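Visitor: The structure that follows is given in the form of structure tokens.
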Amino acid sequence: MTPIQNILAIVDPTAKQRSAVAKGALLAKKLSARLDLFICDTQAARNTRFAQHMKESPQKPLQQLGPWLESIAAPLRDQGLEVTTEILSADPLHTALLDRVKHTCAGLVIKDTHHHTIAQRSFLTNTDWELIRGCPVPLLLVKPTPWSASHRIGAALDPGHLDDKPRLLDRCILDEATRLKEALAGELHAIHTYIPASMIASAVAVPALVIDVPPETLEEERRAKLNDLTALTSDYSLPAGNVHLEVGGVTEALCRVASEYEIDIMAMGAISRRGWKRMLIGSTAELVLEQLPCDMLVVKSPNFAELLVL
């Protein structure tokens, strides 16, 4: 793996909480990386800041973003971190952020994430979703929940490659999850969720009937899945108790595992899509983001741009 030398933390000037800055600072310290604090000041952000200012302290001048961002950077520099600041005015937000990422040497991007409305999910206008699709480096979307002292990292894998993910992607997920696990002195959990193919085939064949699948058939498939998962993770020295094979839909099963094992960060893959499929098909990462009770690290294979689905 190429060492991460720069971490780009996207700062929202309208937010009260800044988990991305705090978690980015911790990772920068652990990885001996520079932390770049970046604000994209959009028209919407300026309007929100002005409205907040008029509500909270209209008698005072509106605080300028430059000194405000420096006030966030200063205590981090006092801790020995190398911290840079940058402010850019541009619209739309996701385009400016992707352009900034593509023209920087950052090895990791960190951004606070929030709940998305049904409208945002339907029309795919949410900035987080656009970053999931287009960010060429690992993207850590963080929530206000603090990390535990154990720093448990989950790696959501698909050894069977049933969801059109390239073969290389699972290795990339494991590598990036391992990087965080080692930096934070935590523990790594490998997770694969699946719905038995025999059950799917039976439901498709006779959709109006409930068909019992023989236990032997289910057990045979489970063993095959476990063998694939064990083979995939064999180079990562995981304890047997940290390799999880779960039956169920991806979103439900990953959220269940994240809660049961108190996962702090779930690493998973995403691919890019073009055209009308972006309007109709959300990637697994996008769907899980809404319900996952922890932070999410989105990983792509190095050649993801060549794997766009037309």
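Visitor: Identify all residues within region 1-35 that are assigned to a strand (DSSP E or B) and either under 19 Å from the mean Cα position of the chain (by Cα) or free of Cβ contacts under 8 Å to residues at least 40 places away in the same chain (or both); write none if there are none.
Guide: Going through region 1-35, the residues assigned to a strand (DSSP E or B) turn out to be 6-10, 34-35.
Residues satisfying the conditions are ASN6, ILE7, LEU8, ALA9, ILE10, LEU35.
Visitor: Is there any pair linking a residue in region 42-64 that is touching a residue at least 60 places away in the same chain (Cβ under 8 Å) and closer than 17 Å to PRO92 by Cα to one that is among the hydroxyl-bearing types (Ser, Thr, Tyr) and surrounded by 11 or more Cβ atoms within 10 Å (Cβ to Cβ), with Cβ under 7 Å and at least six apart or on different chains, and which?
Guide: Close Cβ pairs satisfying both conditions: none exist.
Here is a yes/no grid of residues against (1) within 19 Å of the chain's Cα centre (by Cα); (2) hydrophobic (A, V, I, L, M, F, W, C); (3) more than 20 Å from PRO136 (Cβ to Cβ); (4) at pLDDT 90 or above:
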residue: ASP235; (1), (2), (3), (4): no, no, yes, yes
residue: ASN242; (1), (2), (3), (4): no, no, yes, yes
residue: GLU246; (1), (2), (3), (4): no, no, yes, yes
residue: LEU254; (1), (2), (3), (4): yes, yes, yes, yes
residue: ALA258; (1), (2), (3), (4): yes, yes, yes, yes
residue: MET268; (1), (2), (3), (4): yes, yes, no, yes
residue: GLU290; (1), (2), (3), (4): yes, no, yes, no
residue: PRO302; (1), (2), (3), (4): yes, no, no, no
residue: ALA305; (1), (2), (3), (4): yes, yes, no, no
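Visitor: Can you pull out the residues in region 211-246 that are open to solvent by less than 60 Å² (accessible area, probe 1.4 Å) and on the phi > 0 side of the Ramachandran plot?
Guide: Matches in region 211-246: none.
Visitor: Hey, another quick one. List pairs: first residue in region 141-164 and over 23 Å from THR230 (Cβ atoms), second residue at pLDDT below 95 and open to solvent by 80 Å² or more (accessible area, probe 1.4 Å) anywhere in the structure, Cβ distance under 8 angstrom, at least six positions apart or on different chains.
Guide: Short answer, once both residue conditions are applied: PRO144/GLN17.
Visitor: Collect the residues in region 6-36 that are at pLDDT below 95 and open to solvent by 60 Å² or more (accessible area, probe 1.4 Å), keeping them in residue-number order.
Guide: Those that are at pLDDT below 95 and open to solvent by 60 Å² or more (accessible area, probe 1.4 Å): LYS16, GLN17, ARG18.
Visitor: Out of all the residues in region 37-86, which are open to solvent by less than 70 Å² (accessible area, probe 1.4 Å) and either assigned to a strand (DSSP E or B) or among the basic types (Lys, Arg) (or both)?
Guide: Answer for region 37-86, where residues must be open to solvent by less than 70 Å² (accessible area, probe 1.4 Å) and either assigned to a strand (DSSP E or B) or among the basic types (Lys, Arg) (or both): LEU37, PHE38, ILE39, CYS40, ARG49, VAL83, THR84, THR85.
The values are calculated or read from the model by the stated rules, or taken from the named source; none is laboratory data. Because the structure is a prediction, the values reported are computed rather than measured. So basically every Cβ, Gly included, is an ideal-geometry build from the backbone, and we count neighbours across all protein chains shown. Heavy atoms of the whole protein, side chains included, go into the accessibility calculation; ligands, DNA and RNA do not. Shrake-Rupley method; radii C 1.70, N 1.55, O 1.52, S 1.80 Å.
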